[in-house]
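Chemist: Input: one structure, supplied below.
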Amino acid sequence: MKFSLKACSPAEVAADVVAVSLAADGSFSPALAVLDAAADGFFAQQAEKGNLPPGNGTLRLFVDVPGIAARRVAVVRHDGSERALERATAAVQQLADESGWAKVALLLGAGAGSIALMARAAAHDAYRFDAFKSNAGKARKHEWIFVCDKAEKKAAQVALDLSRAWAAGSYFTRDLVNTPPNVCVPAWLGEQAKAMAKDYDALTVKVLKKKDIEALGMGALLGVAQGSVNEPRFIIFEYRPENAQNAKPLVLVGKGVTFDTGGISIKPAGAMDEMKGDMGGAAAVFGAVKALCEAELPLYVVGLVASVENMPDGNAIRPGDILKTMSGKTVEVLNTDAEGRLILCDALTYATRYQPQAVIDMATLTGAIVVALGGVRSGLFSNDDALADALLRAGEAARDPAWRMPLDPEYREMLRSPFADIPNISGVRDAGAVTAAAYLSEFVDYPWAHLDIAGSAFKSSGPKGGTGRPVGLLLEYFRAQVA
Ligand code: BES
Ligand code: MN
Ligand code: ZN
């Protein structure tokens, strides 16, 4: 995939198709006006004949227009909102894909912000995962071309470079999520991390195996892992470029359950295949670290991935078992399907050794957050208002939005065990996403945020699979941290 930026006239862009906008009221966008002038009033004539796109969101294609270098002109009518620009871009990208056009000039909006938005929408839409199809065609070589004024070129180039880093990171996240669970097991994730470290000087990776995890005393993580023949891994990324501006790291933590059967509290059969996506938080750590490396941001960032497979087995944990966490606290496992919080609590305890500036964990943690927010917004929980606000702002800017959820002490009080320090579930269904977050909050003593991405990281249809979220939110948060 290639993004290129040109400071030239829209009429001079060589491409298979150049896409421009028509405003909702039928008036010409600046780019369309330039094309019209270069083509001797061709588009004004088409307007008179009623050939321009008739309604919002519609597209019309013109071929071999005189005076225009591109082979085709796609005119899309839309209201100019960010959402409309995103959809217009996706419509053009889809048409280009169906038609086999690789070189697409996107002039649907102007300025650095619009260019970033179009670049991301086009790349998002062009993603394919056919590594496991025996008749997979050769991947198309996409080239997206953007045009800007000379005065804007610097800002547009910065925005485009960041979009390229985002695309690399979010594609990686999606590939990991989509990889089937017979391949993507904890050890395989560890290998992917090691392979990635070879590509970047500022990145080091350590992969802890079962023995190392035992030595750390991560009894909750090990408890979940013990029902699977696929041994756990604890992966530590350290991205520390020489010009890092922060002495204390920002730490990312990801839930890496490579398959969640529920364990002995087994899930029903329907759609269980989607539980291959239960490592979406881990995949977001991989993708965010990759995006950081690609963008070469001057920040010290640590990524922690707790990876296990949750299986029912003769050796699996049972409801009633009590596990000793790395923090020393004991947990009564009342439901083995509430496994994410068990592995995360040990990862959050591990994070304390960095004296972190902030810790952000990401997890496909609860069905309850899907009920509350669907796939539109990630659920955000935090013990720190400044951190929460920064993440919410980043989500809006990156169009990868989150929504703040509460953490009142009353929710924590819903977690009571007669036998251990804390149970892993509350025993009632009420506020399931909040009580899960309240459980995690017991294990943190630093500024912390938790993103429940059970709805946003994976789509069940249209098309099914990993979404690459919340890599966009994270990369934008990091960018805003750079002085
Ligand atoms: N991985 C699931 C949560 C999930 C559900 C992710 C739907 C993606 C889509 C998690 O481990 C889980 O099973 N949570 C239980 C918790 C319950 C037992 C308290 C749930 O949400 O039902
Ligand atoms: Mn589960
Ligand atoms: Zn799970």
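Chemist: Using the heavy atoms of the protein chains alone and a 1.4 angstrom probe, what is the accessible area of the chain per residue in square angstrom? List each step's numbers first, then the result.
Modeler: Working: 19910 Å² over 483 residues.
Result: 41 Å² per residue.
Chemist: Taking 37 °C and 0.692 mPa s as the conditions, I'd like the Stokes-Einstein D for segment 299-372 in µm²/s, using the Kirkwood hydrodynamic radius from alpha carbon pairs.
Modeler: 231 µm²/s
Chemist: Can you give the Kirkwood hydrodynamic radius of segment 1-56 from its Cα pairs, in Å with one decimal? Let's see the in-between values first.
Modeler: Numbers: mean 1/r = 0.0799 Å⁻¹.
About 12.5 Å for segment 1-56.
Chemist: Now, a different point. Where does each of 416-427, 237-248, 291-302 land if you order them by average Cβ count within 10 Å, highest first?
Modeler: Peptide ranking by packing, descending: 291-302, 416-427, 237-248.
Chemist: Between 0 and 90 degrees, rounded to the nearest ten: what's the tilt of helix 471-481 against the longest Cα principal axis of the chain?
Modeler: Helix 471-481 and the main axis of the chain meet at about 90 degrees.
Chemist: Excluding residues on the same chain fewer than 8 positions from Lys150, give the aspartates and glutamates whose Cα lies under 19 Å from its Cα.
Modeler: Result set, ordered by chain and number: Glu12, Asp161.
Chemist: Something else about it: Segment 242-288 to segment 393-432: how many Å between their Cα centroids?
Modeler: Rounded to whole Å, the Cα centres lie 17 Å apart.
Chemist: Could you tell me the accessible area of Val205 in Å² (1.4 Å probe, neighbours in place), rounded to the nearest ten?
Modeler: 30 Å²
Chemist: Using a 1.4 Å probe and counting only protein heavy atoms, arrange Val376, Val285 so the residue with the most accessible area comes first.
Modeler: Details: Val376 100, Val285 0 Å².
Solvent-accessible surface, decreasing: Val376, Val285.
Chemist: With a ≥ b ≥ c the root eigenvalues of the C-alpha gyration tensor of segment 101-253, is it rounded (a/c under 1.5), prolate (a/b larger than b/c) or oblate? Let's see the in-between values first.
Modeler: Numbers: a/c = 3.21, a/b = 1.64, b/c = 1.96.
It comes out oblate by the Cα gyration axes.
Chemist: Another question, if that's okay. Rank Ile115, Ile264 by accessible area, highest first, at a 1.4 Å probe radius?
Modeler: The ranking, largest first, comes out as Ile264, Ile115.
Chemist: Expressed as an acute angle from 0 to 90° and rounded to the nearest 10, what is the orientation of the C-alpha long axis of helix 112-126 relative to the principal long axis of the chain?
Modeler: Between helix and principal axis, roughly 70 degrees.
Chemist: Within the chain, what whole-number % of the accessible surface is contributed by carbon and sulfur, with the 1.4 Å probe and all protein chains included in the calculation?
Modeler: 50 percent
Chemist: Moving on to the next point. Using per-residue counts of other Cβ atoms within 10 Å, averaged over each peptide, order 124-134, 447-457 from highest down. Walk me through the numbers before you get to the answer.
Modeler: Details: 124-134: 14.1, 447-457: 27.5.
Those peptides, ordered most packed to least, come out 447-457, 124-134.
Chemist: When you have a sec, figure out the Kirkwood radius of the chain from all distinct Cα pair distances and drop it here in Å to one decimal? Intermediate results must be reported in sequence, preceding the final value.
Modeler: Working: mean 1/r = 0.0424 Å⁻¹.
Result for the chain stands at 23.6 Å.
Chemist: Using only the alpha-carbon atoms, how far is helix 153-178 inclined from the longest principal axis of the chain? Give it as 0 to 90 degrees, nearest 10.
Modeler: The helix 153-178 is inclined about 50 degrees to the chain.
Chemist: Per the helix-only calculation at 222 nm, which mean residue ellipticity applies to the chain, given -39500 (n - 2.57) for every DSSP H run of n ≥ 4 and division by its residues, nearest 500 deg cm²/dmol? Could you put the intermediate results ahead of the total?
Modeler: Numbers: 15 runs with 177 residues, N = 483.
Dividing the helical sum by the residues of the chain leaves -11500 deg cm²/dmol.
Chemist: With respect to the cross-link table entries Lys210/Lys459; Lys49/Lys103; Lys206/Lys255; Lys210/Lys276; Lys290/Lys459; Lys2/Lys255, which display a Cα-Cα separation exceeding 24 Å? Mind showing how you got there, number by number?
Modeler: Values: Lys210/Lys459 32 Å; Lys49/Lys103 29 Å; Lys206/Lys255 17 Å; Lys210/Lys276 21 Å; Lys290/Lys459 22 Å; Lys2/Lys255 32 Å.
Going by Cα-Cα distance, Lys210/Lys459; Lys49/Lys103; Lys2/Lys255 fall outside the 24 Å limit.
Chemist: By its C-alpha gyration tensor, with a ≥ b ≥ c as the square roots of the eigenvalues, how is segment 306-427 shaped: rounded for a/c under 1.5, else prolate for a/b larger than b/c, else oblate?
Modeler: Numbers: a/c = 1.81, a/b = 1.61, b/c = 1.13.
In terms of gyration-tensor shape, prolate.
The values are calculated or read from the model by the stated rules, or taken from the named source; none is laboratory data. Bear in mind the structure is a predicted one, so any value in this text is a computation, not a measurement. With ideal geometry, Cβ positions are generated from the backbone for all residues, glycine too; neighbour counts draw on all protein chains shown. In case anyone asks, the SASA skips ligands and DNA or RNA and just uses the protein heavy atoms, side chains included. Shrake-Rupley method; radii C 1.70, N 1.55, O 1.52, S 1.80 Å.
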